[in-house]
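The values are calculated or read from the model by the stated rules, or taken from the named source; none is laboratory data. Note that the structure is a prediction, hence the values are computed from the model and not measured.
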Amino acid sequence: MGRPPSSNPKGVPTTIRLDEKTDKFLKKYSEIEKVSKAETVRRGLEKLEKEWKK
């Protein structure tokens with residue numbers, strides 16, 4: 001059995017290095033919003049993409 005296949009699989013791993021201030025913000029936002037750090041980064045990138053397309 002198991003999970004059904006995702007309509008938008010997230011199979012591309014990316015590694016980044018952050019300064020301490022940015023890492024603290026990432027952790028705090030993720031905890032408050034109850035999402036993973038990866039989801040927080042995806043939200044930020046989606047927001048940047050929308051701004052960039054203007």
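Worth pointing out:
- The single condition from (1) modelled with pLDDT under 95; (2) assigned to a helix (DSSP H, G or I); (3) among the charged types (D, E, K, R) that Arg3 fails is (2).
- Restricting the range 25-49 to residues that are assigned to a helix (DSSP H, G or I) and among the β-branched types (Val, Ile, Thr) leaves a set whose member that is nearest to Thr14 (Cα to Cα) is Val41.
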